[in-house]
Amino acid sequence: VKKQYYSQLASQFGRTDKAYEYRMQNISYVLSLMGREWLNGLRPAKNVGANVAAQIEGLLLEAEAIKAPPVAAFKVKVREEVEDPLSDSPPAGARRPTRSLAEVTTYERDPLVKAWVLKAANGTCECCRRAAPFASPDGLPFLEVHHVRQLADGGSDTVGNSVALCPNCHRELHYGADSRSRIEGLYAHISRLVRE
Ligand SMILES: [Zn+2]
Ligand SMILES: [Zn+2]
């Protein structure tokens, strides 16, 4: 029960229950920037600055023992800038962007699982039911295989947790405002999926 956590935090650290709910929604916002799923009932609230977003992202990754390149601060800055009117003088950018090496957590996936899901989809996106938008150079219809419960959230690499998607639907499932209802739609329409 989320409300109990807010009251507990409020009695421990002061401020109102509502303030803690809002902080939880800030965490959802950072998760959404990371392309991750957020908690049901805690819609992302975007009023968080780049520095705090970076801190939250760091704490989430630390808590999950996952290494990933930071994205939150960059995305928050872009979002803040996008809200200002377009300036006549474009930014200079960088002729040679600085490079850096990063350690990243990866998951070993089973190629047989991916192949099975692609064959079952037979060239059609399992979310929007449209044909793959283009062919790969090898002639196969281009679809991406997505884990409905993400591997970073403990999801399995099995056909019961995988769907073949067009790139638009795949992006939407990670970054769309309605990603949660899309996920529910997948569970409702694809009988092989098992909720994890
Ligand atoms: Zn689609
Ligand atoms: Zn995905």
For the stretch 22-116, just the Cα set please: Rg and Dmax, both in angstrom.
16.8, 52
Short version: ³J(HN,Hα) in whole Hz for each residue of the stretch 93-110, in order, from phi by Karplus 6.51 cos²θ - 1.76 cosθ + 1.60 (θ = phi - 60°), x for Gly and Pro, what are they?
x, 9, 5, 10, x, 4, 9, 8, 9, 10, 8, 10, 7, 10, 10, 7, 9, 8
Straight-distance crosslink candidates among lysines, where the alpha carbon sits under 19 Å from LYS46 and sequence neighbours closer than 8 are dropped
LYS18, LYS75, LYS77
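Counting pairs of alpha carbon atoms under 8 Å apart in space and at least six apart in sequence, what relative contact order in percent does the chain give? Display every interim value, and only then the final one.
Numbers: 218 pairs, mean separation 29.2, N = 196.
Relative contact order, the chain: 15 percent.
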Which FRET efficiency, nearest 0.05, do CYS128 and PHE74 yield, Cβ-Cβ r, R0 25 Å?
0.30
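Ranked by Cβ crowding within 10 angstrom, fewest neighbours first, how are ASP157, ASP110 ordered? Intermediate values should be presented prior to the final figure.
On the way: ASP157 15, ASP110 12.
Fewest-to-most ranking of ASP157, ASP110: ASP110, ASP157.
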Counting helices only, and only those DSSP H runs with n ≥ 4, report the 222 nm mean residue ellipticity of the chain as the sum of -39,500 (n - 2.57) divided by its residues, in deg cm²/dmol to the nearest 500.
-13500 deg cm²/dmol
Charge tally for neighbours of GLU172 with beta carbon under 9 Å away, counting Lys, Arg as +1 and Asp, Glu as -1, is +1
Please give the Cα centre distance for the stretch 33-109 versus the stretch 130-152, rounded to the nearest Å.
25 Å
Tell me, what is the percent relative contact order of the stretch 28-129, built from C-alpha pairs under 8 Å that lie six or more residues apart?
22 percent
With a point put 7 Å past each Cα toward its Cβ, work out how far SER156 is from SER11 in nm, to one decimal.
4.0 nm
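Kirkwood hydrodynamic radius of the chain from all distinct Cα pairs, in Å? The partial results should precede the final answer.
On the way: mean 1/r = 0.0517 Å⁻¹.
About 19.3 Å, per the Kirkwood formula over Cα pairs.
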From the residues VAL163, TYR5, ALA65, which one has its Cα farthest along the dipole of the chain in the positive direction, the dipole being from +1 and -1 charges on Cβ of Lys/Arg and Asp/Glu about the Cα centre?
TYR5
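What length, rounded to one decimal in nm, is gained on full extension from SER181 through to ALA115, with 0.36 nm per residue of separation minus their alpha-carbon distance? The partial results should precede the final answer.
Values: separation 66, 0.36 × 66 = 23.76 nm, distance 2.64 nm.
Here the segment from SER181 to ALA115 would lengthen by 21.1 nm.
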Full extension between PHE142 and ALA19 adds, at 0.36 nm per residue less the Cα distance, a length in nm of 39.8 nm
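As a footprinting exposure proxy, order SER100, SER136, SER162 by other Cβ within 10 Å, with the fewest listed first. Intermediate results must be reported in sequence, preceding the final value.
Values: SER100 6, SER136 10, SER162 28.
Fewest-to-most ranking of SER100, SER136, SER162: SER100, SER136, SER162.
None of the figures in this text is laboratory data; all of them are computed from the coordinates on show. As the structure is a prediction and not an experimental result, all values here were calculated from the model. FYI the Cβ positions are ideal-geometry reconstructions off the backbone, even for glycines, and counts take in every protein chain you see.
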